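The values are calculated or read from the model by the stated rules, or taken from the named source; none is laboratory data. Nothing here was measured: the structure is a model prediction, and the numbers come from that model. Cβ placement follows ideal geometry from the backbone for every residue including glycine, while neighbour counts extend to all protein chains displayed. All accessible areas refer to the heavy atoms of the entire protein, side chains included, with ligands and DNA or RNA removed. Shrake-Rupley method; radii C 1.70, N 1.55, O 1.52, S 1.80 Å.
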Amino acid sequence: MLVDQRSVARKIVRAKAVVIMDGMPPLQGRTIDISAQGLSLNFEHKLGTGHMGQLSFELFIDGKAQLLTCRSKVTYCIFSGDHFKIGYQFLNLDSITSGAINKFLR
């Protein structure tokens, strides 16, 4: 049996995401959920744990769409049906991005 190792609250978020992993062209995915430390999304391509890159995704905060971009690292990649579920850990968030995520999570 798999046990969820996450120790922080997550909130469901369904939005388009653009993934630009180091050495790869931009590719699209769909977000699943978010926490203050990371994001998971559905993706058509397999990525290795530890792979680094940039994520861009939209959050609706106070009724307005806000595009966020942050450096991230792949923490897991699981094949699920016809796609991969990929978990990302945010790296070195700036105060604006961190503040927007925390506001969304409230």
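Return yes or no: is residue 30 in contact with a Leu (Cβ under 7 Å, 6 or more places away or on another chain), modelled with pLDDT of 95 or more and over 21 Å from residue 92 (Cβ atoms)?
Yes, satisfied.
Kindly provide the set of residues from region 49-78 that are among the small types (Gly, Ala, Ser), open to solvent by less than 60 Å² (accessible area, probe 1.4 Å) and at pLDDT below 95, ordered by number.
Of everything in region 49-78, just one residue is among the small types (Gly, Ala, Ser), open to solvent by less than 60 Å² (accessible area, probe 1.4 Å) and at pLDDT below 95, namely 65.
Limited to region 33-45, what total is found for residues that are open to solvent by 60 Å² or more (accessible area, probe 1.4 Å) and modelled with pLDDT under 95?
2
Among the residues of region 15-28, what is the count of those that are open to solvent by 10 Å² or more (accessible area, probe 1.4 Å), under 20 Å from residue 81 (Cα atoms) and within 11 Å of the chain's Cα centre (by Cα)?
2
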